[in-house]
Amino acid sequence: MFVNSDDYKNRLKTLVAEEDSLDIAVAFWGNGAVDHIYTNKAKQRIRVICNLRSGGTNPTEIQRLLDLARQFPKRLEIRHHDQLHAKVVLGKNQALIGSANLSSNGLSLQDDEAGNWVEAGILTNDPGHLRSMRVWFDELWCSKKARTISDEDMEAAQSNWDSRRNSRPRKDATSIFAVKNHTQEELKDRHLYLLIYRKYLDESAEGALEKVRDEFDKKKTSAPLLWGYQDWAHFPKHGAAFIDLYWGNRGKVKCYGAATIPEYPTTTFRNRDGVNEKLDIAIRTKTFYGELFGSNQRKQFEATITDYLEDLWEDSSSLVNNDIQLVIPLSDVVRILKSR
């Protein structure tokens, strides 16, 4: 039987409910995947093979499976296979084979991010097909490449998942400056931030920044434009990108552009009171989230964000330091703007 997108989850739910044993070889697992295959039936036995380390599987879901396997070792077993790309759910009397991963796809999309993908599959109860699939699964399960999951595997999976979540393709071509047109889920887990500050660098920090610029000038024939950020408690990590926004105490709002965080050690300097402070470095970029971020775009962003600055500053998710600096993920900016 052919199964289309609209009926895929229902057919899977029925199969899982009707079968007392399940062999599942599905490469990629996203949010809520475990809920689709684990029914807590007392006699149900499940074997799972996933592709854990490629970056397409959410390690949180696999940890849920591991926890259940430790609790019910006779009912649930799980292994991982680095080359697995299949999507097979096999019971004693029926099987579903198709394009759909469990609650996600191989591009690390999940939840409503994957909602527009067109999936299809085949549901079969043909005895010959089921025998062939059972032989295939048993051989895969017993192969040297299907391994139990170690702590090291989980750490690698988390690192790869975070990296692919940050670099996953955009859902549409909506301009980043039309912030309200984005969804929170689309921007979640991307290392994209808005930095807002209410005071410029003091003279001591400016002096420290000039020394860093001189070092870059000596090392590079074409030195980038460097910005400095004085004593930020929650500065983004290497590889992140952000929009720089000044909000003066008298209401002035100025977007200076976008920047990325280089792999550069934090500089320590003495401020005008003789106290050691840190200076984080960023490199200005001409683009942000794949779009040109020039003068017109900066002005557009200023116009979009100005009316929401108080809300952003007061939100509990914002990381405020000394009432003069704020770091907030762009996904939370969208959430706050849409809540008004």
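Is it fair to say Lys218 is within 27 Å of Lys299 (Cα to Cα) and among the basic types (Lys, Arg)? No: the conditions fail for Lys218. A single entry from Ile46, Ile37, Ile24 fulfils the requirement of being among the aliphatic types (A, V, I, L, M) and within 24 Å of the chain's Cα centre (by Cα): Ile37.
The set of residues in region 41-56 being in contact with a strand residue (DSSP E or B) (Cβ under 8 Å, 6 or more places away or on another chain) and either modelled with pLDDT of 90 or more or surrounded by fewer than 17 Cβ atoms within 10 Å (Cβ to Cβ) (or both) consists of Arg45, Ile46, Arg47, Val48, Ile49, Cys50, Asn51, Leu52. Can you find, within region 272-293, the residue that is nearest to the chain's Cα centre (by Cα) among those that are in a strand (DSSP E or B) and touching a residue at least 60 places away in the same chain (Cβ under 8 Å)? By that ranking, first place goes to Phe288.
Per the listing Phe242, Phe216, Phe269, the residue uniquely assigned to a strand (DSSP E or B) and more than 28 Å from Thr304 (Cα to Cα) is Phe269.
The values are calculated or read from the model by the stated rules, or taken from the named source; none is laboratory data. As the structure is a prediction and not an experimental result, all values here were calculated from the model. Cβ atoms come from the backbone with ideal geometry, glycine included; neighbour counts cover every protein chain shown.
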